[in-house]
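Every number here is computed from the coordinates shown, using simple stated rules; none is lab data. Computed from a predicted model, the values in this text were never measured in an experiment. Here the Cβ is made from the backbone with ideal geometry for all residues, glycine too, and neighbour counts use every protein chain on show.
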Amino acid sequence: MLDIKLIQNDFESVAQSLRKKKVDESLLEELRAISLELKSARLVLEPLQAEQNSKSKLFGVYAKEGKDVSSLKAELSENKAKIADATEIVRALEEKLEALATIIPNMPSPLVPEGEDENDNVELKRVLEPRVFSFTPKEHWDIDSAQNWIDFERGVKLAKSRFSVLKNEAARLERALINYMLDFNRTRGFVEVAVPYIVNRETLMGTGQLPKFEDDLFKIDGEELFLIPTAEVPVTNLFRDEILTKEELPLKMTAYSACFRKEAGSAGKDTRGMIRQHQFDKVELVCITTPEQSEAVFEEMLSCASDLLTSLGLPHRHLMLCGGDLGFSAAKTVDLEVWLPGQNRYREISSVSNTFDFQARRAKIRFKDEGKNRLVHTLNGSSLAVGRTLIAIMENYQMEDGTVSIPDVLKKYM
RNA sequence: GGACAGAUGGGUGAGCGGCUGAAACCACAUCCCUGCUAAGGAUGCGUCGGGGUAACCUGACCGAGGGUUCAAAUCCCUCUCUGUCCGCCA
């Protein structure tokens, strides 16, 4: 959620910033109008409440002293009706404000480049040279070994399209990758946590998936519960409604989880292979920091994910997302794209974002700083999407004879 | 799923329909003492918001939402969650 006060006091800078993200300015204008209306409506209500409070206290005193209270009682009853009207006005405005404030995305950081979509993202750097093949590398589903590793048809039989089954080395590689990534992150100071895969509405509001993106989530029938689209949701919300101490920050956490996404907007995209599934495994990084720490921690997370790819021998590049491609909650995002020789292109495998205080304001995560409560910054990043890492290994480590070799660092995990 | 009990500030935990935003203790912060010493003493200390340069004034909040009342943490209703016992089950 954006800072309503900032919208009231410095509308132009908020509007300017959100233009980068292609936000409809009329929404913002409306939000400001309602917030100001609400302010004046409260100015009507509160003196009435103050009057009611003080006179009700008097009532008690009079009654004890045996004085006549009938005229006072009449006044109070009359005032009570006024309060009811004023309260209704305030309540309705609060509801409107809430509805609007929760669907407006975060402001991009000033460092975020202008741009419409993914074509305007800015490449920051490339790490590792793609391997030169003496044969034409195949896409992962065409590699001979894959016939024995991934069963797409039976995944569909069990659930529906965009589900698959891993077998043999692929199943073991998946498990090895998860363990390797968690251990790697632990050496970088991230504390491992294991969290629920099903969460409630408040939790999803906290990180920004709700109310706007309910269509992207799998909802449990008959319950107000949803399958998590990423471990970012439960891990960040661990501290919802809490006031932390400055000393315990930054909190650096890592979690493995399965992730569930409806992929509502991507019909027909990546239908072949394992790139885009309804269920996938991911190891996530989540950090909670003071505003002063967040930029440095962002860099730590980014290098953690990038070094992980490097340690696996996977060529990749860093992309700074432009305003138009930035997610709802993010102020700044750097994507890591891994080289897929079979597809002959880079594909997203990790995304590291700083949301500044956007999620913290929604989730009410604060810390005590010299007696004052301040909002924390929250950051999240994948490290890495496990299924895509598996694909990347298959395509980058494929041999001419159709087998796949295993990166050295993973051998002890297999 | 059935029966009962409970939900109060960072924690434990009092709370009679008005004098309670809330005792006490712990934790924490600042200061004092250093002949009660792994101690003693003083003061401060909930959250969010409005007004004011400031001292300060003021509204809401005691799981959530309704209701009764001039007045509700306190009474009534609904819901959620937690605990205990029973049932079921990894």
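Which order do A:E30, A:E153 fall in if you start with the one that has the fewest other Cβ atoms within 10 Å?
Numbers: A:E30 15, A:E153 9.
Listing A:E30, A:E153 from fewest to most nearby Cβ atoms yields A:E153, A:E30.
At what distance in nm do the modelled label points of A:N9 and A:E348 sit from each other, each positioned 7 Å from its Cα along Cα→Cβ?
3.5
Please count, across segment A:14-124, the pairs of lysine residues with Cα atoms under 23 Å apart that sit 8 or more places apart or on different chains.
Count of close lysine pairs: 19.
Mind listing the long-range amide H neighbours of A:K332? Cut-off is under 5 Å, sequence gap 5 or more, other chains count too, H placed in the peptide plane at 1.01 Å from N.
A:S109, A:N354
Among DSSP beta bridges whose residues both lie in chain A, state the antiparallel percentage, nearest 5.
Values: 50 of 57 bridges.
Counting DSSP beta bridges with both partners in chain A, the antiparallel share is about 90 percent.
Which ordering of A:M301, A:M205 is given by a fewest-first count of other beta-carbon atoms within 10 Å?
Fewest-to-most ranking of A:M301, A:M205: A:M205, A:M301.
State log₁₀ I(q)/I(0) for segment A:297-409 at q = 0.09, 0.14 Å⁻¹ as given by the Debye formula over alpha-carbon point scatterers of equal weight, solvent excluded.
One equal scatterer on each Cα of segment A:297-409 leads to -0.33, -0.65.
What number in nm² do you get for segment A:104-251 if you take the convex hull of its Cα atoms and divide its surface by four?
14.6
If you plug each phi of segment A:64-79 into the Karplus form 6.51 cos²θ - 1.76 cosθ + 1.60 with θ = phi - 60°, what whole-Hz ³J(HN,Hα) values come out, in order, with x for Gly and Pro?
Those phi angles translate into 5, 7, x, 6, 6, 10, 5, 6, 4, 4, 5, 4, 5, 5, 5, 4 Hz.
How compact and how long is segment A:203-359, expressed as Rg and Dmax of its alpha-carbon atoms in Å?
16.5, 49
Using every Cα-Cα pair within chain A, state what percent have a distance larger than 31 Å.
Result: 48 percent of Cα pairs exceed 31 Å.
Hey, with R₀ at 60 Å, roughly what FRET efficiency would A:E46 and A:K411 work out to, going by the Cβ-Cβ distance, to 0.05?
For R0 = 60 Å, the calculated efficiency reads 0.30.
Using alpha carbon centroids, what distance separates segment A:266-285 and segment A:174-250, in Å?
Computed from Cα coordinates, the inter-centre distance equals 18 Å.
For an R0 of 45 angstrom, estimate the FRET efficiency from the Cβ-Cβ distance between A:R154 and A:E202 and round to the nearest 0.05.
That gives a FRET efficiency of 0.75.
Under the Karplus relation 6.51 cos²θ - 1.76 cosθ + 1.60, θ = phi - 60°, what is the ordered set of whole-Hz ³J(HN,Hα) values for segment A:4-12, x standing for Gly and Pro?
4, 4, 5, 5, 5, 8, 9, 4, 4
Step through the residues of segment A:172-189 one at a time and calculate ³J(HN,Hα) from phi using the Karplus curve (6.51 cos²θ - 1.76 cosθ + 1.60, θ = phi - 60°), rounding each to whole Hz and writing x for Gly and Pro.
6, 5, 4, 5, 5, 4, 4, 5, 4, 4, 4, 5, 4, 5, 5, 5, 8, x
Counting C-alpha atoms alone, how compact is segment A:45-180: give Rg to one decimal and Dmax as a whole number, in angstrom.
34.9, 104
Looking at A:Q49, A:L210, A:L72, which one has the Cα that reaches farthest to the positive end of the dipole of chain A (charges on Cβ: Lys, Arg +1; Asp, Glu -1)?
A:L72
Taking the Cα of A:E223, stepping 7 Å toward and past its beta carbon, and measuring to each backbone N in segment A:183-209: which are under 20 Å?
A:194-207, A:209
What residue among A:R317, A:R362, A:R126 has the largest mean-square fluctuation in a Gaussian network model of chain A, using Cα springs under 10 Å?
Residue with maximal mean-square fluctuation among A:R317, A:R362, A:R126: A:R126.
Before rounding to the nearest 500, sum -39500 (n - 2.57) across all DSSP H runs of length at least 4 in chain A and divide by the residue total; then give [θ] at 222 nm in deg cm²/dmol.
-13000 deg cm²/dmol
Ranking A:Y197, A:Y397 by Cβ neighbours within 10 Å, fewest first, what do you get?
On the way: A:Y197 15, A:Y397 18.
In increasing order of surrounding Cβ atoms, one gets A:Y197, A:Y397.
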